[in-house]
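Some notes on the structure that comes next.
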Amino acid sequence: MIMTLRTILNYPDPRLRTLAKPVTVFDDSLKTLIDDMFQTMYAAKGIGLAATQIDEHIQLIVMDLSEDGSQPRVFINPKVTPLVDELFGYEEGCLSVPEYYDKVARPKRVKIEAVDAAGQAFVEEAEGLLAVCIQHEIDHLNGKIFVDYLSKLKQDRARDKVRKVIKQREKDAEHKSMKPICQKRIKEHS
Ligand code: K1U
Ligand code: ZN
């Protein structure tokens, strides 16, 4: 099976604001997209990923809340309904806002209605990390990012942080690509 590592869009890319369309066809190209999303999420050390984040604007989410990557889950056309008024505050992260974390309060217990990768509809109740993560990911499908819940000052800080992280990643990638040439030169001169 060929899997592709996809590029994750970074805040404040305007494509992150696109509204995702419902999935209507469950075919091999959807399966390939799901595989690509898992590979991309695991490679980025995330616990969730919405299709929006890789510039695919359909209602598709992958998630794995386990420590060892043993519990992959797929949510297609997901819907959440709060079951309580009580809010739960959690320090959230986002692969589209790398290395920036802040607390967001969301409904503590929710009902999830979705369809799995096999096209089977399911309903479940969630709290804790699953409730936090599914609400965060559904926000992505609606063009919303967790920093939207924060003050303008914090949004500016998040933007600056992302800029810095991207610059550093570009530098690291450049160094990495130069390494084999340097090693060859060192060998030639020894
Ligand atoms: O949507 C995403 O970008 C994935 C995001 C999911 C998420 C994590 C924590 C709270 C809400 C939503 C991440 O995976 S961020 C990656 C990360 O830093 C993290 C990983 C494990 C636990 C907590 C954060
Ligand atoms: Zn996110």
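Tell me the label-point distance for the pair Gln39, Val25, using the 7 Å Cα-to-Cβ offset, in nm and rounded to one decimal.
Distance between the two pseudo-spin positions: 2.2 nm.
Run through the range 34-95 and list the trypsin sites (Lys or Arg not before Pro) located in a DSSP loop whose Cβ has at most 11 other Cβ atoms within 10 Å. Working shown, then result.
Working: sites: Lys45, Arg73, Lys79; in loops: Lys45.
Here the sparse-neighbourhood loop sites are Lys45.
Once you've got the GNM for the chain with C-alpha springs shorter than 10 Å, pick whichever of Lys152, Lys176, Lys167 has the biggest mean-square fluctuation.
Checking each option, the largest mean-square fluctuation is seen for Lys176.
Just how large is the dipole of the chain about the Cα centre, in debye to the nearest 20, putting +1 at every Lys and Arg Cβ and -1 at every Asp and Glu Cβ?
Details: 29 positive and 30 negative charges, 220 e Å.
Around 1060 debye, computed over the chain.
What figure in square angstrom, to the nearest 10, would you give for the accessible area of Ser29 with a 1.4 Å probe?
80 Å²
By how many degrees, between 0 and 90 and to the nearest 10, does the Cα long axis of helix 152-188 differ from the longest principal axis of the chain?
40 degrees
Between Leu153 and Leu87, 0.36 nm times their residue separation minus their Cα-Cα distance comes to what?
Here the answer is 21.4 nm.
Taking the Cβ of Ala51 as the center, what net charge do the other residues with Cβ under 11 Å away carry, scoring Lys and Arg +1 and Asp and Glu -1?
-2
At 1.4 Å probe size, with every protein chain present, just tell me what the per residue accessible area of the chain comes to in Å².
60 Å²
Out of the chymotrypsin sites (Phe, Trp or Tyr not before Pro) in the range 1-66, which ones are loop residues according to DSSP with at most 15 other C-beta atoms within 10 Å?
Phe26
Carbon-plus-sulfur fraction of the accessible area of the range 85-176, 1.4 Å probe, in percent? Before the final figure, lay out each step's value.
Values: 2540 of 5300 Å².
That fraction is 48 percent.
If you stretched the chain out fully between Ala105 and Ala121, how much longer would it get, using 0.36 nm times the residue separation minus the C-alpha to C-alpha distance? Walk me through the numbers on the way to the answer.
Working: separation 16, 0.36 × 16 = 5.76 nm, distance 2.81 nm.
Result: 2.9 nm gained on full extension.
Compare the Cα positions of Phe38, Val80, Met178 along the charge dipole of the chain (+1 at Cβ of Lys, Arg; -1 at Cβ of Asp, Glu; about the Cα centre) and return the one farthest towards the positive end.
Met178
Using the alpha carbon gyration tensor of the chain, what are the three equivalent-ellipsoid semi-axes (square root of 5 times each eigenvalue), largest first, in whole Å?
33, 22, 15
The values are calculated or read from the model by the stated rules, or taken from the named source; none is laboratory data. Given the structure is predicted, the values throughout are model-derived calculations rather than measurements. Neighbour counts run over all protein chains shown; Cβ positions are idealised from the backbone, glycine included. Surface accessibility is based on the protein's heavy atoms, side chains included, excluding ligands, DNA and RNA. Shrake-Rupley method; radii C 1.70, N 1.55, O 1.52, S 1.80 Å.
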